[in-house]
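To keep things clear, I will list the structure first and then write my remarks on it.
The values are calculated or read from the model by the stated rules, or taken from the named source; none is laboratory data. Source: prediction; values computed, not measured. Note that each Cβ is placed from the backbone with ideal geometry, even for glycine, and that neighbours are counted across all protein chains shown.
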Amino acid sequence: NGYNPKTQEQVVGAGFSWSSQKNLDISLLIKYGDLSNECAIDKVARDKSSLSYALLQQYPLQASMLSTYAINDKFSIDFDLKLLNESIFRTTGQTIENMLRPVRDKSKINELNAAVKPAYRLGGNDTLGIVYNIRTDKYELFNDSDLITIQNRPSIFYTNNFQTNHISGTIRASGGTLSLKFADTADIKPFFYLGAEFLHNSNRYRIYAEKDDIPFIVNMDSIVYDQELLDSYIKAGCEFYKKWRFADLTLGYQFVYGVKDSSVIKSWPFYTAPYKQPGSVFIVGPSFGRWKGLALRTNFMISDIKPYLKASGALTYEIHPVSTREYIDIALAFTYWSEREDVLFAGLSGWNVPIYDLSLQIAAHIRSFRLFYKISNLLNRNNSYIPGYYSPGITFRWGFNWYIQR
């Protein structure tokens, strides 16, 4: 039933946390990934079963360190350091001397991201601080050219935690500038965030507004100046959460203005987006349970552009053998996307049909160890979340998580 693109991803990591009895906390995390994915190429094909694919292999090595030092009861300082070294290989089939041969291109990303955050407690509930964040990225592109980008993001923030007889909450405000140096050009723009969270009985409220920027997204093939250095956007929204004994409800609304299509497209594999960035999104999330082991979680997103409706839900059941902490959970999940705007990819259309995706997962939890087995696409449909790829049929996967703490 067509071609089954390869997806094989392994990620291993380890973390370490240490806290002194006085005033110093340190956490370290290191992760390494071996990611192999076949991505469809926008090359004219006869039908969906004859698409051309490129094998994309990524080997990210990430390390991060976060430390917090409390100098006294009022003054503290945080240090954050992140490193990334990622080699990327792309293998495509190209015609050389009238023969189809594999061609392997190589690129690389080296990222250094450092931040310092001193904060001062003005009173019992007010905190004022500054953040200085600098990030450098060095790119080695597929065409053997090099590129270095430098971001500077200084800002100031204020936090107020309050509590009365009936209401508690937090007010946050921050603002600063973001500058980006790219090749021989540079740009600088302001940003801000203002938000508040309130808790009243079992009700939770949140409102926020922010103005920020999307930094230039580098095309790993070559330097293409098809996007502003800093793509500014405005985002605002509100949320409401209500909890009862065996049910809860989430309501929300988000408004986004100013994001350009070029920024959205370059965030997707091979720069083909399945839909445009919506301007307005309403969120409704009723949930029920857990009652006698059963629970139902649902989420509905209603947008002003196609797909107008994206819905998901999961019916879960927990079994506790011999009344211990160990348990088994079974989850039947469903995803639905309504029809999207048609996209022409590889000379083909039809990537926009509605999505109906049913899956089943069984997981065993033994203390900090989790073993799971999942069956996806039980309806055996050719779902296409992204143009160029459609579900090959019923798929099976398994895995485990193990959290070690001493």
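Can Ile234 be described as among the aliphatic types (A, V, I, L, M), under 30 Å from Pro387 (Cβ atoms) and either exposed (fewer than 15 other Cβ atoms within 10 Å of the Cβ) or touching a Gly at 6+ places or on another chain (Cβ under 9 Å) (or both)? Show your work before the answer.
Values: among the aliphatic types (A, V, I, L, M): yes; under 30 Å from Pro387 (Cβ atoms): yes; either exposed (fewer than 15 other Cβ atoms within 10 Å of the Cβ) or touching a Gly at 6+ places or on another chain (Cβ under 9 Å) (or both): yes.
Answer is yes for this residue.
Taking Ser155 as the residue in question, decide whether it is at pLDDT 95 or above, under 25 Å from the mean Cα position of the chain (by Cα), under 28 Å from Asp213 (Cα atoms) and surrounded by fewer than 17 Cβ atoms within 10 Å (Cβ to Cβ). Walk me through it before giving the result.
Working: at pLDDT 95 or above: yes; under 25 Å from the mean Cα position of the chain (by Cα): yes; under 28 Å from Asp213 (Cα atoms): yes; surrounded by fewer than 17 Cβ atoms within 10 Å (Cβ to Cβ): no.
Against the criterion (at pLDDT 95 or above, under 25 Å from the mean Cα position of the chain (by Cα), under 28 Å from Asp213 (Cα atoms) and surrounded by fewer than 17 Cβ atoms within 10 Å (Cβ to Cβ)), Ser155 does not qualify.
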Among the numbered criteria (1) under 30 Å from Tyr120 (Cβ atoms); (2) touching a residue at least 24 places away in the same chain (Cβ under 8 Å), which one does Lys181 miss?
(1)
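Residues checked against (1) of a type in the set (Gly, Ala, Ser); (2) under 30 Å from Val343 (Cβ atoms):
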| site | (1), (2) |
| --- | --- |
| Gly13 | yes, no |
| Ala63 | yes, no |
| Asn85 | no, no |
| Ile88 | no, yes |
I want to confirm something. Restricting to segment 356-379 and keeping residues that are surrounded by fewer than 16 Cβ atoms within 10 Å (Cβ to Cβ) and charged (D, E, K, R), which single residue is farthest from the chain's Cα centre (by Cα)?
Arg367
Out of the residues in segment 2-33 that are of a type in the set (A, V, I, L, M) and surrounded by 11 or more Cβ atoms within 10 Å (Cβ to Cβ), state the one that is nearest to Ile71 (Cα to Cα).
Leu24
Out of Asp137, Asp105, report the one residue that is in a strand (DSSP E or B), among the charged types (D, E, K, R) and at pLDDT below 95.
Asp105
Select from segment 321-353 the residues that are outside any strand (DSSP E or B), on the phi < 0 side of the Ramachandran plot, loosely packed, with under 15 Cβ neighbours inside 10 Å and in contact (Cβ under 8 Å) with a residue 24 or more places away in the chain and list them in ascending order.
Arg325, Glu326, Glu339, Glu341
Log entry, pairs with first residue in segment 33-58 being within 24 Å of Lys108 (Cβ to Cβ), second being basic (Lys, Arg) and in a loop (DSSP other than H, G, I, E, B), beta carbons closer than 9 Å, six or more apart or on different chains, reads Ser36/Lys6; Asn37/Lys6; Glu38/Lys6; Tyr53/Lys6; Leu55/Lys6
Would a scan of segment 380-388 turn up a residue that is at pLDDT 90 or above and under 23 Å from the mean Cα position of the chain (by Cα)?
no
Answer yes or no as to whether Val264 is modelled with pLDDT under 90 and among the aliphatic types (A, V, I, L, M).
yes
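Quick grid of which residues meet (1) surrounded by 16 or more Cβ atoms within 10 Å (Cβ to Cβ); (2) within 30 Å of Trp244 (Cα to Cα); (3) in contact with a Leu (Cβ under 7 Å, 6 or more places away or on another chain):
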position: Asn133; (1), (2), (3): yes, no, no
position: Gly169; (1), (2), (3): yes, yes, yes
position: Phe182; (1), (2), (3): yes, no, yes
position: Lys211; (1), (2), (3): yes, no, no
